[in-house]
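Heads up, the thing below is written out as structure tokens.
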Amino acid sequence: MIHPVLAWILLMLLLAVEVLAALLHVGWLAWAAAPVMIVVVALMFMHVAQESPLRRIFAITGLVWIAILLSLGSADFAARHNYPAPQQVIGVR
Amino acid sequence: MSRTSTVEDLPPSYLNKENTLFSWLCSTDHKRIALLYFGSITAFFFLGSAGAALMRLNLISPAGALVSHEGYNRLFTLHGVVMVWFFLVPAVPVTLGNFILPLMLGARDLAFPRLNLLSWYLFITGGLITLWALFWGGLNTGWTFYTPLSTNYTNGHVVLAVVGIFISGFSSITTGVNFIVTIHRLRAPGLTWYRLPVFAWSLYATSVIYVLGTPVLAMTLILLAFERIFHVGVFDSRIGGDPLLFQHLFWFYSHPAVYIMILPGFGVVSEVITAFSRKALFGYKFVVWASMSIAVISFLVWGHHMFVAGQSIYSAIVFSLLSYLVAVPSAIKVFNWLGTLHKGHIQFEAPMLYALGFVGLFTIGGLTGLFIAALGTDVHLTQTYFIVAHFHYIMVGGMVSAFFAGLHYWWPKITGRMYSDAWGRVAAAIIFFGFNLTFFPQFVLGYYGMPRRYASYPPEYQVWNVLSSAGAVILAIGYLTPLFYLSYSLLRGTRATENPWEATGLEWKTSSPPQTENFRHIPTVVDGPYNYPPPHSPAAPRHG
Amino acid sequence: MAEPRGFQYASAAHETDTARAGMWLFLASEMLFFGAIVYVWMVLRITHPQGVVLGTSHTNLILGSINTALLLTSSFTLTLGVMRARAGQGAAAARCCLLTAGLGVGFLALKGLEWGLDLHEGLWPGPGFAPWGDDVGGARLFMCFYWVATALHGLHMVIGVGLLAWAARLAWRGPMAGRHVTAVEVVGLYWSFVDTVWLVMYPLIYLVARP
């Protein structure tokens, strides 16, 4: 009974931190709080640490593959000149 | 040991257990679902081939002999969409995989049989919707749906077509989940990972790509439809979007998809070559880990489809290097097959002819991939017939040959009948000859600069085009021939025994065809895979 | 040893463990699905950073944050439901499932309200797009991401509510070879996963680039 309630309180606190970070323009704090919240949900609600090794591998594989898409996929855009979007939308239906 | 059974009465099996339409359409038996898929896949194969036949007929004349330019565009789109998503991506896993994998593992069914049936219904639903789009006017975008043609300029039924493909994608994902979980959880006692036949390993590798790649295609198609319907701008450069974003998303799935298509073929060829050389697979662990590493590395190379599309040159260099890396495990497998053949007791039955054809044709296709993985030569060769020939050598010369190899190898197990091997060899020879006549001239055409997806061409290319079209006629005859002798075998073929090829593997330790529950008693495995007796021992040669 | 439902399993435990493995693998595929739209956000952030800032400034932080609180609470209630199911308290587990579904419906209602407000404000990336300035093109692209991401997440929530109703019904009917426990566990995994997807979407939509 104790653990899930603690987790919920922790998550609400982290949510408050995120909102404050946004209002006070402290961008890095939101970046920091979000992964912590995800880890709390994964550990305390989904009990990923108590799952069998196979199921943990399934979970981690998804994360690794997202990393491939995000890194190799955005490398192209980061490595070339990007033209700004026009203000007026010309000739589009 | 005679190959045919003298039993007069029809033994009970999954085929005759119950024969109502309902029992077939609502069966959760993996063997019956495999046959449902066989019928569907065959129909799609002939439909896609018809598209190709019309294309090749059109290309006999430089001005286009048969159809208008718009009509030609719709034909190559139909050919590509049907062949990629409704034939090659499912082919071996959903037919041979569904049927043989549980038998090979010593299991009574897959882990999630009802999910398996749902898989088939998703496939059929998606297929029918896409067929509706293709025939109700068609599409001229090519199977690659590049923006902005597909989002802004084409008149075809893009949204309808991608809805069908989207739905069939879920069929892939559910099949992949089913196979991976089955291989982990339902192996027979004693069947450790390194005792698994390579076909099982290759289905595992294929399923990894099904599960991790297809969802990205799903999102890509959603964004494509969103853009097409609402013109919001995400792929439209006039508004600040980037057509290359579509290409990155599309190829992130579609490059691994080509490995979905070929990996099961690798598995089939490993089974057939070992059985018909009566020799253990040379370098089993190398073959296993080559398959798994192909599944991983395949996700790192997609940018090689976009070398001239406008992506960053630094990105292109990285993708080129990684594309060379992915060739290595495939080459390792080819050497291992050759090592298996070496000093084996080789039998040239039809499955072996198809498998040997695979090794040669896949190698040519793979080697030509090296030219186009290099940035400099790709600038000349991209979007020409060189590319078309490259992937057809792998997909048709390779994968379709492997599919036929597996079909002929496991036909006795699936149907309980033997087919005429003489006709099988004839068909294999016609296919091999027809295939090379069709596609080798296309390498030449590409080298000389003829672009792909063109309905007409300058007259100096005509000779090669006519050769290619002539080859297509022969190839068509070759592909039609098995329809006859295989159908004939269902009616009049001699009954098959449990193990007509005297091959290793648990699937050969039950009746042909198997009973619904696969095995009377689940076997316990004590040996490794491919434990054929050594080549020059008295027990080695197979009778017949 | 309890009897399994499928003849390919050795025991009921074998069957339920396999069901959970299947759900985790399916969640891996879902990670890639949502990962693709996160990729789109990332590309927009690289290519149109100012536009993303402009777009974020028009999102409704209050409604978004309330929704996040609702969703986190629903994940909590479902975890309680799983504990009840494992303890054999079928009726209590069913009630937790229904409470979770209720919170989910609340999320969806607020989302609908938020969408209505967004449309009223002219945030649909079409001809009537309201924001203006140098970065309007990028803001428009950001809004494409916003509508697609929230619609797909919402669709997953709707499916989740349906699954919760199914799990509640199974739990209410009581123990049948542990299957009702598996149902609640498996739906619990799915629901918490959809929650983590929102925990990624929430910063990307409402927080990161807020000026």
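The values are calculated or read from the model by the stated rules, or taken from the named source; none is laboratory data. Just so it is clear, the structure is predicted and the values come from calculations on it, not from any experiment. Don't worry about glycine lacking a Cβ; one is built from the backbone with ideal geometry, like all the others, and counts go over all protein chains shown.
Being touching a His at 6+ places or on another chain (Cβ under 9 Å), assigned to a loop (DSSP other than H, G, I, E, B), more than 14 Å from chain A (Cβ to nearest Cβ) and farther than 17 Å from B:Arg238 by Cα is a property that does not hold for C:Leu170.
No other residue among B:Ala275, B:Ala290 is in contact with a Pro (Cβ under 6 Å, 6 or more places away or on another chain), in a helix (DSSP H, G or I), under 23 Å from B:Asp527 (Cα atoms) and away from every other protein chain (no Cβ under 14 Å) apart from B:Ala290. Of the residues making up segment B:53-67, none is crowded, with 19+ Cβ neighbours inside 10 Å and farther than 19 Å from B:Thr438 by Cα.
Restricting attention to segment A:47-64, the residues that are assigned to a helix (DSSP H, G or I) and under 25 Å from C:Gly81 (Cα atoms) total 9.
The one condition from (1) without any contact (Cβ under 8 Å) to a residue 60 or more places away in the chain; (2) within 11 Å of chain A (Cβ to nearest Cβ); (3) more than 23 Å from B:Arg108 (Cβ to Cβ); (4) buried (at least 24 other Cβ atoms within 10 Å of the Cβ) that B:Val208 does not meet is (1). Exactly one residue among B:Val258, B:Val216 is under 18 Å from C:Met31 (Cβ atoms) and either within 11 Å of chain A (Cβ to nearest Cβ) or part of a helix (DSSP H, G or I) (or both), and that residue is B:Val216. Inspect segment C:62-78 for any residue being over 19 Å from the mean Cα position of the chain (by Cα) and either assigned to a helix (DSSP H, G or I) or aromatic (Phe, Trp, Tyr) (or both) and give the result as yes or no. No; the residues of segment C:62-78 include none that is over 19 Å from the mean Cα position of the chain (by Cα) and either assigned to a helix (DSSP H, G or I) or aromatic (Phe, Trp, Tyr) (or both). Taking the listed residues B:Val177, B:Val94, the one that is surrounded by 20 or more Cβ atoms within 10 Å (Cβ to Cβ), more than 13 Å from chain C (Cβ to nearest Cβ) and in contact (Cβ under 8 Å) with a residue 12 or more places away in the chain is B:Val94, with no other qualifying.
Looking at B:Tyr409, B:Tyr385, just one residue is in contact with an Asp or Glu (Cβ under 8 Å, 6 or more places away or on another chain) and in contact (Cβ under 8 Å) with a residue 24 or more places away in the chain, and that residue is B:Tyr409. Can you tell me which residue among B:Val82, B:Val159 is in a helix (DSSP H, G or I), under 27 Å from B:Ala309 (Cα atoms), in contact with a Leu (Cβ under 9 Å, 6 or more places away or on another chain) and without any contact (Cβ under 8 Å) to a residue 60 or more places away in the chain? The conditions single out B:Val82. Taking every residue in segment B:15-30 that is of a type in the set (A, V, I, L, M, F, W, C) and pairing it with any residue that is part of a loop (DSSP other than H, G, I, E, B), at least 6 positions away or on another chain, the pairs with Cβ-Cβ distances below 7 Å are B:Leu15/B:Pro513.
The single residue among B:Ser512, B:Ser489 that is among the polar types (S, T, N, Q), within 28 Å of B:Gln347 (Cα to Cα) and assigned to a helix (DSSP H, G or I) turns out to be B:Ser489.
If you filter segment C:7-36 down to residues that are assigned to a helix (DSSP H, G or I) and of a type in the set (Ser, Thr, Tyr), you find that the one that is nearest to A:Leu69 (Cα to Cα) is C:Ser29. For segment B:119-138, a residue qualifies if it is farther than 20 Å from B:Phe46 by Cβ and crowded, with 17+ Cβ neighbours inside 10 Å, and the qualifying residues are B:Ser119, B:Leu122.
Among the residues of segment C:1-21, just one is touching a residue at least 60 places away in the same chain (Cβ under 8 Å) and facing chain A (nearest Cβ under 10 Å), namely C:Arg20. The residues in segment B:462-492 that are in contact with a Leu (Cβ under 9 Å, 6 or more places away or on another chain) and either crowded, with 17+ Cβ neighbours inside 10 Å or within 14 Å of B:Val426 (Cβ to Cβ) (or both) can be counted, and the count is 11. The sole residue among A:Leu43, A:Leu70, A:Leu11 that is more than 7 Å from chain C (Cβ to nearest Cβ) and in contact with a helix residue (DSSP H, G or I) (Cβ under 9 Å, 6 or more places away or on another chain) is A:Leu43. Screening the candidates B:Phe358, B:Phe362, B:Phe335 for the property of being among the aromatic types (Phe, Trp, Tyr), at pLDDT 95 or above and more than 26 Å from B:Thr384 (Cβ to Cβ) yields one hit, B:Phe335. When segment C:43-78 is filtered for residues that are buried (at least 20 other Cβ atoms within 10 Å of the Cβ) and within 7 Å of chain A (Cβ to nearest Cβ), the ones remaining, listed by number, are C:Val43, C:Thr47, C:His48, C:Gly51, C:Thr68, C:Leu72, C:Ser75, C:Phe76.
B:Phe226 falls short of the stated requirement of being assigned to a helix (DSSP H, G or I) and either within 25 Å of the chain's Cα centre (by Cα) or within 14 Å of chain A (Cβ to nearest Cβ) (or both).
Of the helices (runs of 4 or more DSSP H) lying entirely inside segment B:304-403, those carrying at least 3 residues that are more than 14 Å from every other protein chain (Cβ to nearest Cβ) and surrounded by 19 or more Cβ atoms within 10 Å (Cβ to Cβ) are B:313-341, B:350-373, B:385-392. Against the test of being touching a residue at least 40 places away in the same chain (Cβ under 8 Å), within 13 Å of chain C (Cβ to nearest Cβ), within 30 Å of B:Gly240 (Cα to Cα) and among the polar types (S, T, N, Q), the options B:Thr182, B:Thr151 yield a single qualifying residue, B:Thr151. Among the residues making up segment B:185-205, those that are under 20 Å from B:Ala295 (Cβ atoms) and within 14 Å of another protein chain (Cβ to nearest Cβ) are B:Arg185, B:Arg187, B:Trp193, B:Tyr204, B:Ala205.
Applying the condition of being facing another protein chain (nearest Cβ under 9 Å) and of a type in the set (A, V, I, L, M) to segment C:184-201 and asking which residue is farthest from C:Thr150 (Cα to Cα) yields C:Leu189. Only one of the numbered conditions (1) free of Cβ contacts under 8 Å to residues at least 40 places away in the same chain; (2) out of contact with any helix residue (DSSP H, G or I) (no Cβ under 8 Å at 6 or more places or on another chain) is violated by C:Glu121, and that is (1).
Taking each residue of segment B:100-128 that is under 12 Å from B:Leu36 (Cβ atoms) and looking for partners that are outside any helix (DSSP H, G or I) with beta-carbon atoms closer than 6 Å, six or more apart or interchain, yields B:Asn116/B:Leu110; B:Leu117/B:Thr28.
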